[in-house]
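Novice: Dropping the structure in here first, questions after.
The values are calculated or read from the model by the stated rules, or taken from the named source; none is laboratory data. Predicted model only: the values in this text are computed from it and were never measured. Cβ: placed from backbone, ideal geometry, glycine included. Neighbour counts: every protein chain shown.
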Amino acid sequence: MFDKNTSTINGKTLYYAFVSGGNQILQHQAEINRINVFPVNDKDTGTNLASTVRWVLDNIRPHKSYSITLNSIAEAALIGARGNSGVIFAQFLYGLSRETINKPIITISEFAESVKHSIPYIYDAIANPVEGTILTIIKDWSDFLSNQKERFSDFKTLIINSLVMLEVSLKETNKKLKALHNTDFVDAGAKGFFLFVKGMADFVGSGIIPNLTFNKSEKIELIHSENITEEVLEYRYCTEAIIKNTNANAPELHKILSKWGDSAVVAGSDTVRRIHVHTNQPALLFSDLKEIGTVTYQKVDDMVRQQELAFKRKWNIALVTDSTCDLPKEILDHYQITVVPLNLNFGDSHYLDKVTITPDQFYDLLESEPEFPKTSQINEQTILNLYSHLASHYDAIISIHLTSHFSGTFANCVKAGKRIEKEFNVPVHVIDSKNLSGALGLTVLDAAQRIEKGESMDSILNSIKIAIENTRIYVSVKDLKYMIKGGRVSKPKGMLASYLGLNPVISMDKDGKSTMFGKTFSQESSLKSIYKHIELLGRKHPISNYIILHAHNSEGAERVEKKMIELTGIKPVSTVNISPVIGMHAGIGTVAISLMFNN
């Protein structure tokens, strides 16, 4: 706790000051998003800074030692950092921790010096530092602390008095940053840092331990206007990663990142690096990075989609799904559907389904890598970041995901949705599709079309429930070896079935569990049994829509499409190369049909 005469601070005081500063960012993230212009006006700086502080608040607890607490904060911030400003802020904290080793308490003079010495860490991390951003306001704060450290005898008056200077520095970002010249905005990242210090000042001024739960507050208005327009983006994807045990130093990493894009930031140490870059080819970038270290985490945000939310949002309801939803890109783009990728791992190498690994790369690895890949659910933090960004732009969110029997993604989405509803007072409807792949795609497409028509929320949610009941998928597996490797079929049973030449047909039951629909002695025979079953179902319930899917088997998919057109008289929504996280179990050569029936 601070008091009037506090001339030193310990770990617990630092922790609660950080909590108070972090809460200010969480409370004002929507406003920070709104004024986000630089480096691109994709309206996510508030979300990114919120992610950085939220990870700290969720994952560390105070220690009485100042340096131990600061080190924990810095490590957590590097892991949770997102976006340009988030990574820069995390690097600032990392610099502070490196300049404050073995300090159970810290004096005003030592604190000011540690802030001053952390500035080079930030500038060295950025390929092309730009003034008038969060960089400048942190540097201005450092200069103030350094110049005024002898004038003030306690942290309380020092921090509170620094706010006056910070407000001036914040306003001047409008003049220093070229991207802001035609607006009345201040820099979003700089405002985030101002709010953080304001939160610290609130704590040191009152001495009241802040609440870890989120509470809404009034907006802090500092030179805002709406005089901003959409820009043409040179690079589409904001791409980040954590790289461990890299054999490349920071300049070498900067060279690799600059080869693929701009806005490059390399934070952290040689042991753990957090990288950030804007690029058009994340999959190729990560192919390069794989050679210089172990990529343990990846994050890719579509800045074009984010910009659409700010300037070309078609509807007031956001629609979210995951990467097991097999719909063509043109449909996803038309309906502005946000897709969150599942995680895919080959050994220690981490990828994002459909984003940082292409189908061709995936199936090559599936054949060449000795270790069978593993998948993991989308974690709650990733969903929190997404929902918080959407909630700052939309009136409601509908999030439809693969069967909860296959992944914990649905459960994490439910937990994240509840938190965001409290933070933003925006309803989040999370739905278990009890299906996957093309069947999930048809359900999502039906919901998108109803949103487009302007149907009420109750009508849309009821229709989704009906769509789930009326959607089926039938998967014709060509080779059982992938299901055996992935553990979906036991090795003895799989070997026996392979010896007998059996080709199973896999489907999903009404509860969202996989089921064996039938067994034949060739893929051609299994497809015939599927056609026969579809024909029988179609006599009772007309087919309204269907999708053809395949795992690296476009020729087989073409034959299926011709047969389905002959059977139904209608063309499929699309023919799609199945999601790698689904294809890894079904295996190369798989062909599937997903259908939606009318009541």
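Novice: Quickly run through segment 358-403 and pick out the residues that are among the polar types (S, T, N, Q), surrounded by fewer than 19 Cβ atoms within 10 Å (Cβ to Cβ) and in a loop (DSSP other than H, G, I, E, B).
Specialist: Hits for segment 358-403 are 358, 379.
Novice: Of the residues that sit in segment 436-463 and are more than 18 Å from residue 575 (Cβ to Cβ) and in contact with a Lys or Arg (Cβ under 8 Å, 6 or more places away or on another chain), which one is surrounded by the fewest Cβ atoms within 10 Å (Cβ to Cβ)?
Specialist: Of everything passing the filter in segment 436-463, 459 is surrounded by the fewest Cβ atoms within 10 Å (Cβ to Cβ).
Novice: Take residue 578 and tell me if it is modelled with pLDDT under 95 and out of contact with any strand residue (DSSP E or B) (no Cβ under 8 Å at 6 or more places or on another chain).
Specialist: Details: modelled with pLDDT under 95: yes; out of contact with any strand residue (DSSP E or B) (no Cβ under 8 Å at 6 or more places or on another chain): no.
No.
Novice: When only residues in segment 580-599 that are assigned to a helix (DSSP H, G or I) and of a type in the set (A, V, I, L, M) count, which is nearest to residue 363 (Cα to Cα)?
Specialist: Out of the qualifying residues, it is 584.
Novice: For segment 97-136: of the residues being under 18 Å from residue 192 (Cα atoms), more than 27 Å from the chain's Cα centre (by Cα) and among the hydrophobic types (A, V, I, L, M, F, W, C), which is surrounded by the fewest Cβ atoms within 10 Å (Cβ to Cβ)?
Specialist: Filtering segment 97-136 for residues that are under 18 Å from residue 192 (Cα atoms), more than 27 Å from the chain's Cα centre (by Cα) and among the hydrophobic types (A, V, I, L, M, F, W, C), the one surrounded by the fewest Cβ atoms within 10 Å (Cβ to Cβ) comes out as 119.
Novice: If residue 331 satisfies every condition in (1) crowded, with 21+ Cβ neighbours inside 10 Å; (2) closer than 30 Å to residue 450 by Cβ; (3) touching a helix residue (DSSP H, G or I) at 6+ places or on another chain (Cβ under 7 Å) but one, which is the exception?
Specialist: (1) is the only condition that residue 331 fails.
Novice: Being of a type in the set (Asp, Glu) and at pLDDT below 90 is the requirement here; does residue 330 meet it? I'd like the intermediate steps shown before the answer.
Specialist: On the way: of a type in the set (Asp, Glu): yes; at pLDDT below 90: no.
Criteria not met by residue 330.
Novice: Condition check: touching a Ser or Thr at 6+ places or on another chain (Cβ under 6 Å), farther than 14 Å from residue 590 by Cα and at pLDDT 90 or above. Does residue 569 satisfy that? Outline the logic, then answer.
Specialist: Working: touching a Ser or Thr at 6+ places or on another chain (Cβ under 6 Å): no; farther than 14 Å from residue 590 by Cα: yes; at pLDDT 90 or above: yes.
Criteria not met by residue 569.
Novice: If a residue has to be part of a helix (DSSP H, G or I) and either touching a residue at least 40 places away in the same chain (Cβ under 8 Å) or under 18 Å from residue 442 (Cα atoms) (or both) to count, how many in segment 561-579 make the cut?
Specialist: Adding up the residues that qualify gives 4.
Novice: Here's another thing I want to ask about it. State which residue pairs qualify: first residue at positive phi and inside segment 324-352, second residue in a loop (DSSP other than H, G, I, E, B) and surrounded by fewer than 20 Cβ atoms within 10 Å (Cβ to Cβ) in any location, beta carbons under 9 Å apart, and separation of 6 or more residues or different chains.
Specialist: If the second residue must be in a loop (DSSP other than H, G, I, E, B) and surrounded by fewer than 20 Cβ atoms within 10 Å (Cβ to Cβ), the pairs left are 336/312; 336/313; 336/314; 336/315; 347/369; 347/370; 347/371.
Novice: Tell me, yes or no, whether segment 288-300 has at least one residue that is among the aliphatic types (A, V, I, L, M) and touching an Asp or Glu at 6+ places or on another chain (Cβ under 6 Å).
Specialist: There is no residue in segment 288-300 that is among the aliphatic types (A, V, I, L, M) and touching an Asp or Glu at 6+ places or on another chain (Cβ under 6 Å).
Novice: Any residue that is in contact with a helix residue (DSSP H, G or I) (Cβ under 7 Å, 6 or more places away or on another chain), without any contact (Cβ under 8 Å) to a residue 24 or more places away in the chain and surrounded by fewer than 16 Cβ atoms within 10 Å (Cβ to Cβ) - is there at least one of those in segment 168-178?
Specialist: No, because not a single residue in segment 168-178 is in contact with a helix residue (DSSP H, G or I) (Cβ under 7 Å, 6 or more places away or on another chain), without any contact (Cβ under 8 Å) to a residue 24 or more places away in the chain and surrounded by fewer than 16 Cβ atoms within 10 Å (Cβ to Cβ).
Novice: Residue under question is residue 147, and the condition is that it be assigned to a helix (DSSP H, G or I), within 31 Å of the chain's Cα centre (by Cα) and modelled with pLDDT of 90 or more; does it hold?
Specialist: So residue 147 does not fit the description; no.
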